[in-house]
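Rule-based calculations on the coordinates, nothing more; no lab input. From a predicted model like this one, the values you see are computed outputs, not experimental measurements. FYI the Cβ positions are ideal-geometry reconstructions off the backbone, even for glycines, and counts take in every protein chain you see.
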Amino acid sequence: MGSESNSKHRKIIHIDMDAFYASIEQRDNPMYRGKPIVVGGSPDGRGVVATASYEARKFGIHSAMSSKRALQLCPEVIFIRPRFSAYKEVSSKIREIFSRYTDLIEPLSLDEAYLDVTCDKQNIGSAIEIAKQIRQAIKDELHLTASAGVSINKFIAKVASDMQKPDGLTFIAPSKVESFIEKLPVEKFFGVGKVTAEKMKSMNLFTGADLKKLTEQELVTHFGKVGHFYYNIVRGIDNRSVEPERETKSVGAEDTFLHDLKVIDDMCEELGHIAQTVCNRLKKYNLKGRTVTLKVKYSDFKQITRSQSLINPISDFDDVLNIAKHLLTPSIVEGKKIRLLGITLSNFGEKLITQKKNEDYGQLRLFED
């Protein structure tokens, strides 16, 4: 993998656990080892896959895939109900391993994080060696595997961590960064989804080298503000720092139902359960939000979100539920059943101790996916 430069470049590691939820289930339950399993979804075809084991991935199963499709690809697949408390407990132990080397840890989720080890606690000096030790500690202490990417910035480290999965380590040296990005397919770029990737390809933009041919203004014209990011990143420039305290952008919860809902009273009852979960999470983090978003997925898988922005932030159960019900009413379409509902609060201001009931539901906005 080469050796690290002794220049003043930052030393960034991105650690990504391998099939995290599924690997924990296989670790804790010998009967699942070596078998195609998915966490989430159900054998009756309801719900979606949260994580698929590598045995299941060989059949083409992946996260966010419907259970129905997973069954079509692999009729023998085993569905497992998520155990989030167990996953969170493991995640906290992984974080403790990280903290042996640095306090500059930016978690992205339970199973991945950025680490800045430019100045590490143990004076090891080598980010590659630190990544090796972290992966070995996770393997020895938790009996799980992790993949790591090591480079000079967050973008390259994250891309690199995915290159030799599972249980791999990839180092992109400072002198190799720009050529690495030039060869990178556009769909591998951060923030480039299927729609943007297809748009790029329709413009004969297939790699970083192709993007590099466009001026910054051309990239902004075609892709909006993210064009500034593309312009810099194809030149190896990503000055984003590792932020130990990432700001919470939203708090939410959703549920896919065992049977599609067609009666409004049943929908409101389910909204009550979801709203309670959301409010418990808001209370845990002492947060209040000014924007409430309702997510509705119909039985034909068409999905919409409706949002209301408020003058004052809220976290009270009655407020959240009432607004969700208010958003639900225009979302009910005659003849269409509902398979999923979700509530999210966002647009947080300062953390508040007191709360004031707000009856002004503000402006309604509708988005369709």
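Can you give the local net charge around ARG83? Use residues other than it whose beta-carbon is closer than 10 angstrom to its beta-carbon, Lys and Arg +1, Asp and Glu -1. Mind dumping the intermediate values first?
On the way: positive: ARG81, LYS88; negative: GLU25, ASP28, GLU89.
Net charge in that neighbourhood comes out at -1.
Cut-off 10 angstrom, C-alpha nodes, Gaussian network model of the chain. Which of ARG83, ARG33, ARG240 fluctuates the most?
Result for the chain, Cα springs under 10 Å: ARG240 fluctuates most.
Take the residue pairs LYS165/LYS199; LYS35/LYS295; LYS11/LYS93 and return only those whose Cα atoms are more than 31 Å apart. Write out the running numbers ahead of the final one.
On the way: LYS165/LYS199 28 Å; LYS35/LYS295 34 Å; LYS11/LYS93 23 Å.
Beyond 31 Å: LYS35/LYS295.
Net charge near LYS165: determine it from the other residues with C-beta under 11 Å of the C-beta of LYS165, scoring Lys and Arg +1 and Asp and Glu -1.
Values: positive: ARG57; negative: ASP16, ASP18, ASP162, ASP167.
My count for the surroundings of LYS165 gives -3.
For the stretch 178-233, which semi-axes, largest first and in whole Å, follow from the square roots of 5 times the eigenvalues of its Cα gyration tensor?
Working: eigenvalues 41, 35, 21 Å².
Gyration-tensor ellipsoid for the stretch 178-233: 14, 13, 10 Å.
Per residue Cα convex hull volume for the chain, in cubic angstrom?
Value for the chain: 168 Å³ per residue.
So which GluC sites (Glu not before Pro) in the stretch 196-298 pass both tests, a DSSP loop state and at most 12 other Cβ atoms within 10 Å of the Cβ?
Working: sites: GLU198, GLU216, GLU218, GLU245, GLU247, GLU254, GLU269, GLU270; in loops: GLU245, GLU247.
Those satisfying the criteria are GLU245, GLU247.
How big is the shadow of the Cα convex hull of the stretch 8-172, averaged over all directions, in nm²?
Working: hull surface 37.1 nm².
The number I arrive at for the stretch 8-172 is 9.3 nm².
Which values, in whole Å and largest first, are the semi-axes of the equivalent ellipsoid of the stretch 202-290 obtained as the square root of 5 times each eigenvalue of the Cα gyration tensor? Intermediate values should be presented prior to the final figure.
Working: eigenvalues 366, 90, 23 Å².
The three semi-axes for the stretch 202-290 are 43, 21, 11 Å.
Listing TYR32, TYR21 from the residue with the fewest other Cβ atoms within 10 Å to the one with the most, what is the order? Could the numbers behind the result be given before it?
On the way: TYR32 18, TYR21 26.
The most exposed by this proxy come first: TYR32, TYR21.
Just to be sure I understand the model, the point goes 7 Å from the Cα along the line to the Cβ. What's the resulting GLU141 to SER92 distance in nm?
1.4
As a check on your grasp of the helix formula, calculate [θ] at 222 nm for the chain: sum -39500 (n - 2.57) over DSSP H runs of n ≥ 4, divide by the residue count, round to the nearest 500.
Values: 13 runs with 131 residues, N = 369.
Taken over the chain, the calculation gives -10500 deg cm²/dmol.
Report, in debye and to the nearest 20, how large the dipole of the chain comes out about its Cα centre when Lys and Arg carry +1 and Asp and Glu carry -1 on their Cβ. It would help to have the intermediate numbers written out before the result.
Values: 55 positive and 49 negative charges, 80 e Å.
About 380 debye.
For the stretch 107-222, take N as its residue count and report Rg(C-alpha) divided by 2.2 N^0.38 Å.
Relative to the rule-of-thumb radius for its length, the stretch 107-222 sits at 1.25.
How would you rank TYR54, TYR101, going from fewest to most other Cβ atoms within 10 Å of each one's own Cβ?
Fewest to most other Cβ atoms nearby, the residues stand as TYR54, TYR101.
Would you mind ranking ASP265, ASP28 so that the residue whose beta carbon has the fewest other beta carbons within 10 Å leads the list? Before the final figure, lay out each step's value.
Details: ASP265 8, ASP28 12.
So the residues, fewest neighbours to most, are ASP265, ASP28.
Taking 0.36 nm per residue of separation and subtracting the Cα-Cα distance, what length does fully extending ARG281 through SER126 add? Please list the in-between numbers first.
Numbers: separation 155, 0.36 × 155 = 55.80 nm, distance 3.89 nm.
Extra length from ARG281 to SER126 when fully extended: 51.9 nm.
How far is it, in nm, from the label point at LYS58 to the one at LYS201 when both lie 7 Å from their Cα along the line to the Cβ?
2.7
Determine, from the Cβ-Cβ distance of ILE332 and SER85 and an R0 of 30 Å, the FRET efficiency 1/(1 + (r/R0)^6), rounded to the nearest 0.05.
Working: r = 34 Å, r/R0 = 1.15.
Efficiency at R0 = 30 Å is approximately 0.30.
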